[in-house]
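The values are calculated or read from the model by the stated rules, or taken from the named source; none is laboratory data. None of the values given here were measured: they were computed from a predicted structure. Quick reminder, even Gly has a Cβ in these numbers, built from the backbone with ideal geometry, and neighbours come from all protein chains shown.
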Amino acid sequence: MSATKDHFPLITAAWLTLVALTLLSLGLSEWARDLAWLPLVVAAIMWLKGALIARCFIETHIAHPFIARVVQAFIAIAPIALIITAFFGATVARWATI
């Protein structure tokens, strides 16, 4: 008979961390909305939340390395897009127009 590991504490800690990061994002958007570096912080929080979800809930650390890399790349897309549009939005809009 194999012993199973209780993942409840890890999942609870991950969930509480996700809630804390969400509340941090909300607070930053309310009280620091005029700061130029805010998109960088929000992008970092987005990446942290995605990495946490991938590790604790999707369990990419035990997946095949190819799948883990694909998930990591997918997680990086949204923060990178946020940074690009925040700092180079006019240029991207000009490139995207017909």
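Within the stretch 68-98, the set of residues being modelled with pLDDT of 95 or more, over 12 Å from the mean Cα position of the chain (by Cα) and surrounded by fewer than 13 Cβ atoms within 10 Å (Cβ to Cβ) comprises just one member, 69. Counting the residues of the stretch 1-28 that are surrounded by fewer than 12 Cβ atoms within 10 Å (Cβ to Cβ) and either touching a Phe, Trp or Tyr at 6+ places or on another chain (Cβ under 7 Å) or in a helix (DSSP H, G or I) (or both) gives 9. Entry remark, the stretch 34-65: residues being loosely packed, with under 11 Cβ neighbours inside 10 Å and not in a loop (DSSP other than H, G, I, E, B) number 3 in total.
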